[in-house]
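Structure first, commentary second.
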Amino acid sequence: MGDGDVILWRSGPWSLDMKVFNGVSQINPMGASGYNLVAKDNGNRIEFSLTMQTSVRMRFVHLANGTLTRYVFADQERQWIYTWSQLADPCDLYNHCGENAMCTVGSEPRCQCVFGFKPSLGSEWNKGNWSGWCIRNTTIADCQRRDIGFMNLTNVKMPDLQTFYRVVNQTSERLCRIYCLNNCSCIAYVFMNNDGCYTWSGALFNLMNLTTSSMGANLSIKLNESDLPPPACIR
């Protein structure tokens, strides 16, 4: 969702595991809501249809201020009831915290660098100015070294897909991890049973901690051993 060329909000990719778009909290799986989304052509195309398994009537409204809002019709009250929206919190804004930073709803401060990273402009970051970005504590100079591992983040909105690659032939979390470990351009990965292996090769954009939802993914970020929290997950 955007305003001209400016991105305001994005969901994560469609998840075959959860039957929802990753990172869209407070919304039921489509099949339980009277709608059905079916992935076609290896996930490159999605078909959207209305099912007849429910009498619930819903409508989505894109308001003038950019907010995407869902309403459900209440038969007893005979009126539309607000149930869900995006852009309701600053963390919903696209890439609100900048590169390699996590946004957490209700947290103070709401923006924090991912573990193993630090603000590029520390003085501005401490003032609540998150227009900069986060950089690694230590650079991975040689990806073939033995002291490289992964730091795991649970239940997060998947990073923007502008620097991702889907590895369709890696059929387990272990194989996905090995692929990323042996690929010097890979900096992070996500594996889901029915969705496969996703890897990222550039900065991580639009990270969000889904503290009030189970619609997130487990993201593993490649770090030097010296930057890993104990107990370290080293290959």
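Just so it is clear, none of the values below were taken in a lab; they were calculated from the coordinates. Small disclaimer: the values here were computed from a predicted structure and weren't measured. Because the Cβ atoms are built from the backbone with ideal geometry, glycine has one as well, and the counts that use them run over all protein chains shown.
With the Cα gyration tensor of the stretch 104-235 giving a ≥ b ≥ c as the square roots of its eigenvalues, does the rule (a/c under 1.5 for rounded; else a/b larger than b/c for prolate; else oblate) give rounded, prolate or oblate?
Oblate, because a/c is 1.5 or more while a/b does not exceed b/c.
Put a dot 7 Å past each Cα toward the Cβ at residue 184 and residue 123; how far apart are the dots in nm?
It works out to 3.7 nm between the two label points.
Among rounded, prolate and oblate, which fits the stretch 126-186 when a ≥ b ≥ c are the square roots of the eigenvalues of its C-alpha gyration tensor, a/c under 1.5 means rounded, and a/b larger than b/c means prolate?
Here the stretch 126-186 falls in the oblate category.
Hey, got a sec? Which trypsin sites (Lys or Arg not before Pro) in the stretch 101-143 land in a DSSP loop and have at most 14 other Cβ atoms within 10 Å?
Details: sites: 110, 127, 136; in loops: 110, 127.
Filter output for the stretch 101-143: 127.
With each label point set 7 Å from Cα along the Cα-Cβ vector, what nm distance links residue 62 and residue 169?
With each label placed 7 Å out from Cα toward Cβ, I get 3.9 nm.
Averaged over every viewing direction, what's the projected area of the C-alpha convex hull for the stretch 58-179? Give it in nm², one decimal, please. Don't skip to the end; give the middle numbers.
Working: hull surface 48.7 nm².
Over all viewing directions, the stretch 58-179 projects a mean Cα-hull area of 12.2 nm².
Work out, step by step, the length gained on full extension between residue 141 and residue 108: first 0.36 nm times the residue separation, then minus their alpha carbon distance; give nm to one decimal.
8.5 nm
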